[in-house]
Amino acid sequence: MTETVYQVLARKWRPQRFAELAGLEHIARTLQNAIRANRVGHAFLFTGTRGVGKTSAARILAKALNCRRGPAPEPCNQCGNCLAVTAGNAADVIEIDGASNRGVGEIRLLRDNVTYLPQTSPYKIYIIDEVHMLTPEAFNALLKTLEEPPAHIKFIMATTDAHKVPMTILSRCQRFDFGRLTGATIAATLTEIGRREDLTFAAGTVELLAREARGSMRDALSLLDQVRSYAGDMIAVEDLRIALGLIEARHNFGLLEKLVKGDLGGAIFLVDELERAGVDLKKFVEDFLFYLRDVLFLKISGELKKLLGIGADDIARLEPLLAERSLAYWQQLFDLWQTHYIKIKASQSPRLTLESSLVELGMARDLQPLGPLLERLEGHLSQASAFARPANPSVLSSEPRRVREAVAKAEVRKAASAPGRLGAGSWSGERGPRPSSAAPEMPPEPPPFVYDDLSRSSSVSDDAGPTPAAAPSRFIAAPDPVAPPASFRSETVGGGDCSGSAGGKDFGSPQVLNQTVPPANLELQWRDFLVFVAAREARLGALLQRSRREVGAAERLRIKVAPHARLLLDNPGARSDLLALWAEFLGHAECVELELLELKPGGETSGPVRNGGGSRRPLPSKEEIFNDPSIRFISDRFGGRVVEIKARRP
Ligand SMILES: [Zn+2]
C-alpha cells in the first residue's frame, strides 16, 4: 500500500495562472499588459495582508517571464522552466525569505550573484518575501543593486508592511496593492475547490467560512482543511461550530432581532443557550461586531453587498429588520457594541459582562425616546428665548408629535404628486416620502429612538393631527439679520410651486414645510445626511466636516461651510454633486434646495457674522448656544445642560 502525503488545500490549489488569481483581476491585467508591451519593470513591490496571493502572483509573473514559450501573458505551466518554478527548484528564480535572511551578509551575497547571467532562462528573478524584515544595512546593500540593475535581473518583493520599507526602495519599485479579498470572492473560490475535491457543503457553510477568513484566501483554505479533518467530505454548519468555534448566522440574527425589538429577556436566554452549546462568548461578541458592520453596510447601500460576509439568505432575512430603523440607529448600535466588545473581551467572566451589556443596551432603548427629549430641549429653548410660552403645559407636551405628523402629511401629499425620483439605491426606497399607497400600510408609530428620523414619521396616517396651518410658529427660525455675505451660492432643483422659497432669502417664507419642522428633527436629518454623504462621496463628506446647518426647512439645506471647504463655494461641480446627493437623500428631486454660505474663520461658535463686524464679535445668545449641533449632541447623549457661558479671551 502506498501512502500519499496529504497536501494542504492552500498549496494544492495555489493559483498557477494570472486568470486564477481570484479577486486580483486588476493586478493580473496590469502585469499582463506590461508583458505584452514588453515594458516590464525591473523591480516590483507586492503589498497586502497575508494570504491574499502576493507570493502566488510573484511566482506566476516569474513563470510568465521565464517560460520557454514566453515571455507570455500566461505561463504555459508545462515547459521545464515553468515546472521548476512550480516545484520551487528553478535555478534562475531565487526565493528569499526576508524574515530569516535579513542581514547585510545575505544581501551582499545576492549583490555579488546578480552579476552572473541566468542559466536556462531569459531572466534571473529574485522573489524576496517579507522584505520589510531586512535590516537597514541590508536595505542599503539592496539599494545599490536596485539603482543600476543588470538587464537580466528582476526583483519581486512582497510585504505585509509596506510602510516599513524605506522610501528609497519604494521609489524604485512598481507597487501593487493587494487588498483584502471580498467575502463573495472567497466563497466562490471555496465552492469551486469544494467541487474539485468532491466536498458537499451544507447551505451557509461557505459564507460562514468566507466571513471567518476576513479577506485571506489562505486562512479560508486552512479553515476548510481543519473542518474537513473533523467532518469528512460532508460539511454542515454544526461542524463549523464544533471544529472551529464559528457562530452560525442565525444566532447573530437572533440577537439582532431581539435587540431591535427590545426583547431583553429573549436576548439573555439566547446567551444562555449559546453557552450551553459550548460557544465561546468572547468569540460570539466579536463575531456579532462584524455582523453589525455587515448590517450597517447593507443599510448604507445595496451595492455594498459584494463586500459582506453574509449569504443571500441572510440578507433576505435581514432586509425587513433593516427597514425598521434609520441609518443613524444602526450606526449607533454598531458603535455601542464596539464599546461593549472591548469590555467583554477584557473581562474575566465574559458571560456576566455580556449580560450586563445587554441589559444596558436594552435600557438605552427605553431611556432615549424622542418625545420627552424634544420636550426637554423645548424647555431649554423656551427658557432661553424671548418667545412666549403657552400657559397650558399639556399643549406643549403634545406638540412634538403633532409637528411630526404635520410634516409627514405634507410629505406624503407631496410624494403623491411627485412623478420622478433621483437615485435607485436603497435610500430612495425608505427616505423621505413614500408612495402614498405604501404609507398607510406601515405599522403605527412605535416608541422612537432619539436618533429616529423624519422618514419614520411618514407612517402617520393622513387623517390624524391638526392641519399644517395650525402648527406652532415657535419653530420658525428667526430671520437672519445678516446682509448676504460675500460668498454665497444657492441652487435649486425641481419645479412646480417652489417659487416661494427660491432665491434663498426668504427664510421664514409662508411655505408649509418651512414652518413645521422642529429644529431637533432637522439636526437629526443633518446628521443622517452627513453619514450618507460620507458613505457615498468620501471627499464631499470630508468637506462637510465642521460645516453647520442653519435652521430652515426640511427640503432646504442651508449650510455654512468651514474655511477648509471653500471648494464647495467655488466649484460648481462639487455643488451640483452635493445637491444631487441631497435630492437622493430626500428621495425626491422636487423643491430641493441647497444654499452655501461661508463660515468665517473662528465663526463656528460665534453668532451670525454681522456686517462690518471687524475686530469685536458679540457674544452668542443663549439660544444660539443651545442650537449649536455639538452642544445639542452632548445634551442629547448625556442629558447635560448649559450652566454658564463664558467668552474666551483671545
Ligand atoms: Zn512555460
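Each residue in segment 43-67 was checked for being open to solvent by 20 Å² or more (accessible area, probe 1.4 Å) and within 16 Å of the ligand (Cβ to nearest atom), and 1 pass. Scanning segment 68-95 for residues that are crowded, with 22+ Cβ neighbours inside 10 Å and within 6 Å of the ligand (Cβ to nearest atom) yields 75, 81, 82. Here residue 238 does not fit the description of being acidic (Asp, Glu) and touching a residue at least 40 places away in the same chain (Cβ under 8 Å). Within segment 244-261, the only residue that satisfies the criterion of being open to solvent by less than 30 Å² (accessible area, probe 1.4 Å) and free of Cβ contacts under 8 Å to residues at least 24 places away in the same chain is 254.
Taking the criterion of being within 13 Å of residue 207 (Cα to Cα), out of contact with any Gly (no Cβ under 8 Å at 6 or more places or on another chain) and not basic (Lys, Arg), the residues of segment 241-257 that qualify are 246, 247. Just a yes or no: is a residue in segment 305-317 part of a helix (DSSP H, G or I) and over 15 Å from residue 183 (Cβ atoms)? Within segment 305-317, one or more residues are part of a helix (DSSP H, G or I) and over 15 Å from residue 183 (Cβ atoms).
Taking residue 102 as the residue in question, decide whether it is open to solvent by 20 Å² or more (accessible area, probe 1.4 Å), more than 16 Å from the ligand (Cβ to nearest atom), touching a Lys or Arg at 6+ places or on another chain (Cβ under 7 Å) and charged (D, E, K, R). Considered against the rule, which asks whether it is open to solvent by 20 Å² or more (accessible area, probe 1.4 Å), more than 16 Å from the ligand (Cβ to nearest atom), touching a Lys or Arg at 6+ places or on another chain (Cβ under 7 Å) and charged (D, E, K, R), residue 102 comes out as no. The set of residues in segment 212-232 being open to solvent by less than 30 Å² (accessible area, probe 1.4 Å) and not aliphatic (A, V, I, L, M) consists of 215, 216, 225, 232. The residues of segment 142-178 that are polar (S, T, N, Q) and open to solvent by 20 Å² or more (accessible area, probe 1.4 Å), listed by number, are 160, 168, 171, 174. Note on segment 6-29: residues that are more than 27 Å from the chain's Cα centre (by Cα), open to solvent by 70 Å² or more (accessible area, probe 1.4 Å) and of a type outside the set (Phe, Trp, Tyr) total 7.
The values are calculated or read from the model by the stated rules, or taken from the named source; none is laboratory data. In this text the structure is predicted, and so the values were computed from the model without any measurement. Note: ideal-geometry Cβ built from the backbone for every residue, glycine included; neighbour counts use all protein chains shown. Keep in mind that these areas ignore ligands, DNA and RNA; they rest on the heavy atoms of the full protein, side chains included. Shrake-Rupley method; radii C 1.70, N 1.55, O 1.52, S 1.80 Å.
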